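Just below is one structure, and these are the notes that go with it.
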Amino acid sequence: MSDETSLPIETTCLEVQNLQQQNADFLLLDCREQNESDLVRISGATLIPLSEIQDRVEELEPHRQRHIVVYCHHGGRSMRVTQWLRETGFPKVQNMAGGIHAWAQDIDNSMLRY
């Protein structure tokens, strides 16, 4: 990933699972609300809700040049966060298409769906 602009804006659950299995250096960012995260979450994810992201962006500063994958429930909020972070100078941010709903469907079907 030397050419930072070549990273597609979206990635799939399967690609994220592969990153996890390879112990790749990336940040999995959950932008759902706390009550949603309390229901069900992807192991290893960092929770910063969409409603707080602008106030808490400094928490992401150490990860500015890292690969960041953002997810929410279905992919809408995480796409907004992905676009905002890219505009704010985070070059390697991707949205996980389908969100945790797709993850529960495609990766871990024992996971609670809501």
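A few notes on this one:
- In segment 13-24, the residue that is farthest from Lys92 (Cα to Cα) out of those that are surrounded by fewer than 15 Cβ atoms within 10 Å (Cβ to Cβ) and touching a helix residue (DSSP H, G or I) at 6+ places or on another chain (Cβ under 9 Å) is Leu14.
- Within segment 1-37, the set of residues being among the charged types (D, E, K, R), modelled with pLDDT of 95 or more and over 26 Å from Asp55 (Cα atoms) comprises just one member, Glu15.
- Counting residues in segment 65-73 that are surrounded by fewer than 18 Cβ atoms within 10 Å (Cβ to Cβ) and touching a residue at least 40 places away in the same chain (Cβ under 8 Å) gives one or more.
- Flag if Leu50 is out of contact with any Leu (no Cβ under 9 Å at 6 or more places or on another chain) and either surrounded by 17 or more Cβ atoms within 10 Å (Cβ to Cβ) or closer than 17 Å to Gly98 by Cα (or both): yes
- Residue in segment 80-114 that is nearest to Cys13 (Cα to Cα), counting only those that are buried (at least 21 other Cβ atoms within 10 Å of the Cβ) and aliphatic (A, V, I, L, M): Met96
- Options Arg80, Arg56, Arg64; residue that is at pLDDT 95 or above, in contact with a Phe, Trp or Tyr (Cβ under 7 Å, 6 or more places away or on another chain), over 23 Å from Leu112 (Cβ atoms) and of a type in the set (D, E, K, R): Arg64
The values are calculated or read from the model by the stated rules, or taken from the named source; none is laboratory data. All values derive from a computational prediction rather than experimental measurement. Virtual Cβ from ideal backbone geometry, glycine too; neighbours counted across all protein chains shown.
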